[in-house]
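A quick write-up on the structure given underneath.
The values are calculated or read from the model by the stated rules, or taken from the named source; none is laboratory data. Here the structure is a predicted model, which means the values were calculated and not measured. Counting neighbours? That spans all protein chains shown, and the Cβs are built from the backbone with ideal geometry, glycine included. Keep in mind that these areas ignore ligands, DNA and RNA; they rest on the heavy atoms of the full protein, side chains included. Shrake-Rupley method; radii C 1.70, N 1.55, O 1.52, S 1.80 Å.
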Amino acid sequence: QFLDRDDPLCTEVQFPIADLDPRSYGFTAECQHGTNIPGHWPQDSNRMGLLSYHNRINKYESRRIGSAYPNPEEMESLGDEIRGIMSNFAWTMGQAVQLGFSPLNELTFPLASQSVNTDGKSWSFYAYQMNTCDLSENDHNARTHQNLMWKHPTVQLYSKIEDGKLVNFDPDCLRPLIKMYLNKPKERAYNMRPYLDPAVPLVTDHPDPYQRKQFLEIIRNQMAQKPHHMRKPEIYMWEKVKLIDNVAMPKQFALTRRRRWWHMQKFDPLGKEHWHPEFVNYDQKELKYIPKGMRPAWTRRRGLARRYNKFLPKIEVPLKDKVAVWRAPDRTYKGEHDD
C-alpha cells in the first residue's frame, strides 16, 4: 500500500547519510550527458511503468567476480537491495523527467514503481515510492521528503535440479508477483505536467517543422550517448603541469600558433560558453558527420572546383589569379606560332 506524499513516514523518517565523495568508495567519474530513458518516449500514450525485471547477484556471480567479503550471503543480500534501489530510482526518475520534473523542479505528487530481482531460483520483490527528485540541495537538514522502498523477504522457487526435475518446487512463493500484476493503476486528481506549457508540452508538438526536427535530432543524439566525431576538449597532463599549474610559461609555448581551449575562453569574444566543456552550449557549431561516400558531389571535388558551401560561386578564370593556391606553370607544347 503506497502512501500519501505528506504522510509522516515520507517526511519524518531519519536515515543515515553518507557525505563522502562516491569516488572514495571506488566509483569512477566520466563526463557525459545526463540522460535517463524509462523505456518510452514522452509522446507515447503509455507513460507509466507497472513492473520491471532485473537480474540478481547470486553466490555464483559473487564467486566469479572474486569477492573478498567475509559473509557471502550478507553481501548477496546487500547487493540485491542496492540493485533494487538503483533500478527503481532510475526508472521513476526517468518518468518524472518526461513529465516535466527534474533535479531542479520538485515533484508535486508521488511516483511509484515495482520491480523483481531474480536469477530463476531466488526471487526478491520491491515496491518503490518517489516523493522527491530534488538533487540541488546539499543541506540534508533542509530536505522535507524522503523516498521509500519496501522489500519482500527473498523466497526460493526451488532448492535444486535433479534428473531434469525441480526439487522442492514451491509456486506459492510467486504470490507477490501475481499481486504486483493485479495492482491496477488508478487515475489521480493530479496535474501530471504542472511545469510544462499546456499549449506545447512536448517537442513533438512544436508548430515549426524545422525547429521540431532540430530539437528531436539533438535530444536523440544526447540519449544515444554515441562518441562524437569532434573530440571533446581536454587537458593533457603535461599541459596541466607546465602551462596551468606553473604561472611562468616556458618560452617555447609563449608564442604558440594554436592556443588551447583554456586560453581561448579568456581571450576569445565567445567566452567560456563556447570553449569551456562545463559551460559550453549545445548549439549548432558542431556539424553533423557525414561519411565521405554519402556527401554531395560538390564537396568531393578537388582543386579549384572544390567549394565549402554549395551556394558559393565556382572559382573560374576571372578569379584564378586571386586564389591562394600555387599552380605549376603550363609547360605543354602549344605548337609553333609566329610572334
Give the range 181-205 a look and list any residue that's in contact (Cβ under 8 Å) with a residue 60 or more places away in the chain and exposed (fewer than 10 other Cβ atoms within 10 Å of the Cβ), or say none. 185, 188
Here are the criteria: (1) open to solvent by less than 20 Å² (accessible area, probe 1.4 Å); (2) without any contact (Cβ under 8 Å) to a residue 40 or more places away in the chain. Tell me which single one residue 106 does not satisfy. (1)
Would you please name the residue that is most open to solvent (accessible area, probe 1.4 Å), looking only at residues in the range 120-143 that are of a type outside the set (Gly, Ala, Ser), in a loop (DSSP other than H, G, I, E, B) and closer than 23 Å to residue 21 by Cα? 138
Kindly establish whether residue 212 is among the charged types (D, E, K, R), touching a His at 6+ places or on another chain (Cβ under 7 Å), more than 30 Å from residue 30 (Cβ to Cβ) and at pLDDT 80 or above. yes
The one condition in (1) within 30 Å of residue 119 (Cα to Cα); (2) open to solvent by less than 60 Å² (accessible area, probe 1.4 Å); (3) of a type in the set (A, V, I, L, M) that residue 178 fails to fulfil: (2)
When residue 81 is evaluated against the numbered criteria (1) outside any helix (DSSP H, G or I); (2) touching a residue at least 24 places away in the same chain (Cβ under 8 Å); (3) open to solvent by 60 Å² or more (accessible area, probe 1.4 Å); (4) touching a strand residue (DSSP E or B) at 6+ places or on another chain (Cβ under 9 Å), which criterion, by number, is the only one it fails? (1)
Please verify whether the range 219-233 includes one or more residues that are hydrophobic (A, V, I, L, M, F, W, C), within 26 Å of residue 278 (Cα to Cα) and in contact with a Ser or Thr (Cβ under 6 Å, 6 or more places away or on another chain). yes
Kindly evaluate residue 116 against the criterion of being open to solvent by 10 Å² or more (accessible area, probe 1.4 Å), modelled with pLDDT of 90 or more and not in a loop (DSSP other than H, G, I, E, B). no
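Here is a yes/no grid of residues against (1) in a helix (DSSP H, G or I); (2) more than 21 Å from residue 98 (Cα to Cα); (3) of a type in the set (Gly, Ala, Ser); (4) modelled with pLDDT under 80:
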{"site": "180", "(1), (2), (3), (4)": "yes, yes, no, no"}
{"site": "184", "(1), (2), (3), (4)": "no, yes, no, no"}
{"site": "189", "(1), (2), (3), (4)": "no, no, yes, no"}
{"site": "201", "(1), (2), (3), (4)": "no, no, no, no"}
{"site": "217", "(1), (2), (3), (4)": "yes, no, no, no"}
{"site": "228", "(1), (2), (3), (4)": "no, yes, no, yes"}
{"site": "232", "(1), (2), (3), (4)": "no, yes, no, yes"}
Within the range 12-71, of all residues that are touching a Ser or Thr at 6+ places or on another chain (Cβ under 8 Å) and at pLDDT below 80, the one surrounded by the fewest Cβ atoms within 10 Å (Cβ to Cβ) is 69
